[in-house]
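The structure appears right after this line, and notes come after that.
The values are calculated or read from the model by the stated rules, or taken from the named source; none is laboratory data. Note that the structure is predicted; figures quoted are calculated from it, not measured. Quick reminder, even Gly has a Cβ in these numbers, built from the backbone with ideal geometry, and neighbours come from all protein chains shown. Please note that ligands, DNA and RNA were not included when accessible areas were found on the heavy atoms of the full protein model with its side chains. Shrake-Rupley method; radii C 1.70, N 1.55, O 1.52, S 1.80 Å.
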Amino acid sequence: MNKPVETLTREGVDAFRRGDFMVARGAFAAAVAARPNAQLWMYLAQACGKTGDSAGQREALDRLLAAEPRNLHGLIARADLASAEGDDRAAVAFYNMALTVAGQVDTLPPGSEAGLRRAEAAISASATRFEDHLLGSLAAAGIDATAINPRFAEALDISAGRREVFLQEPSSFFYPGLPHRQFYDRDMFDWVAVMEAAAPAMRAEAEAVLASGIGLAPYAEQDSNRPRKTNSLIGNPDWSAAFLWKYGDLVPENAARCPATMAAL
């Protein structure tokens with residue numbers, strides 16, 4: 001008579017705990033054959049790992065992830081196996097997916113924290129190895145990659161995770177064709193030096209306005225002719241402005257108090 005799945009599972013767990021991994025593997029294999037589910041595939045994968053059967057471990061984890069692609073423990077275990085087998089690219093792919101899944105859940109599964117820290121460390125180490133390999137290959141060809149041009153050096157920093165990618169993301173008006181640059185070279189604008197020279201006077205005027213509190217109003221205001229928004233900054237005096245122009249029109253009383261700023265602008 002075939003044993004119930006619950007009995008096989010209990011026998012497998014007991015055998016695993018006492019270190020009899022071959023018996024545990026047999027019990028889990030029989031249980032998962034009778035009633036496939038993610039937990040039994042994980043048990044079987046762990047038992048296969050303990051007996052040195054990496055092929056069986058990989059198959060069990062692949063079957064688990066085929067049923068539950070976002071199973072966090074399964075993703076981490078699959079990444080760990082790929083790392084142990086020296087398949088760096090596969091390991092990083094599974095670790096990345098594990099981190100993505102972890103970032104999208106409200107509560108992490110118990111016992112997953114250590115695996116996630118391992119994932120972060122492995123991804124960082126892989127990026128370093130890739131960069132070292134790339135720079136070494138270029139150096140062997142007589143090329144100093146960082147001296148080619150600043151854009152390529154920036155690309156290397158982005159690839160290594162040392163720099164973010166900044167894209168044009170305006171909230172109200174998208175202007176096509178603008179370069180995606182975090183900062184522009186000051187030499188591109190002949191008015192920079194003029195503005196910098198005026199900065200002390202502009203600062204003094206701003207500080208005087210702030211000290212007086214006159215002419216300040218919340219920067220974001222609710223338009224009675226528009227649907228009400230829930231943003232906490234709307235009507236908030238802690239985020240105020242002294243408008244020199246508002247909706248394209250000069251605000252004379254504020255402009256008169258900031259002559260250096262108006263002249264510079």
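Numbers below:
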quantity: Protein-only accessible surface order, largest first, of Tyr247, Tyr184, Tyr219 at 1.4 Å; calculated: Tyr247, Tyr219, Tyr184
quantity: Helix 72-84 axis, angle to the chain major axis (alpha carbon atoms, nearest 10°); calculated: 80 degrees
quantity: Within a Gaussian network of the chain (alpha carbon springs, distance under 10 Å), most fluctuating of Gly136, Gly215, Gly52; calculated: Gly215
quantity: Net charge over other residues, Cβ less than 15 angstrom from the Cβ of Ser172 (K, R count +1; D, E count -1); calculated: 0
quantity: Using alpha-carbon coordinates, inclination of helix 192-212 to the longest axis of the chain, degrees; calculated: 90 degrees
quantity: Highest-MSF residue in the chain out of Thr128, Thr107, Thr230 [GNM, Cα springs under 10 Å]; calculated: Thr230
quantity: Sites Ile234 and Ala201, calculated FRET efficiency, Cβ-Cβ separation with R0 22 Å, nearest 0.05; calculated: 0.10
quantity: Set of aspartates and glutamates with alpha-carbon distance to Lys50 below 12 Å, sequence-local pairs under 8 removed; calculated: Asp20
quantity: Cβ charges +1 (Lys, Arg) and -1 (Asp, Glu), total dipole of the chain, debye; calculated: 980 debye
quantity: Portion, in percent, of the accessible area of the chain that falls on carbon or sulfur, probe 1.4 Å; calculated: 56 percent
quantity: Net lengthening on full extension, Glu120/Glu253 (0.36 nm per residue, minus Cα-Cα); calculated: 42.3 nm
quantity: Between 0 and 90°, nearest 10: helix 21-34 axis offset from the chain longest Cα axis; calculated: 80 degrees
quantity: For the chain, built as a Gaussian network whose Cα springs stay under 10 Å, the top-fluctuating residue of Ala30, Ala91, Ala242; calculated: Ala242
quantity: Ala93-Asp185 FRET efficiency (beta carbon distance; Förster radius 30 Å; 0.05 resolution); calculated: 0.20
quantity: Surface per residue (accessible, 1.4 Å probe) for the chain, Å²; calculated: 68 Å²
quantity: Answer label, with P(r) over Cα pairs in 5 Å bins from 0, in percent calculated from the coordinates and candidates (i) 1, 5, 12, 14, 14, 12, 10, 8, 7, 6, 5, 3, 2, 1, 0, 0; (ii) 1, 5, 8, 8, 9, 9, 8, 7, 7, 7, 8, 7, 5, 4, 3, 3, 1, 0, 0, 0; (iii) 1, 6, 12, 16, 20, 19, 13, 8, 4, 2, 0, 0; calculated: (ii)
quantity: His73, His133, ranked by accessible area, largest first (probe 1.4 Å); calculated: His133, His73
quantity: Share of alpha-carbon pairs per 5 Å distance bin for the range 132-171, given as whole %; calculated: 6, 21, 24, 22, 12, 7, 4, 3, 2, 0
quantity: For the range 166-220, with +1 on Lys and Arg beta carbons and -1 on Asp and Glu, the positive-most of Tyr184, Gly215, Ala197 along the dipole; calculated: Gly215
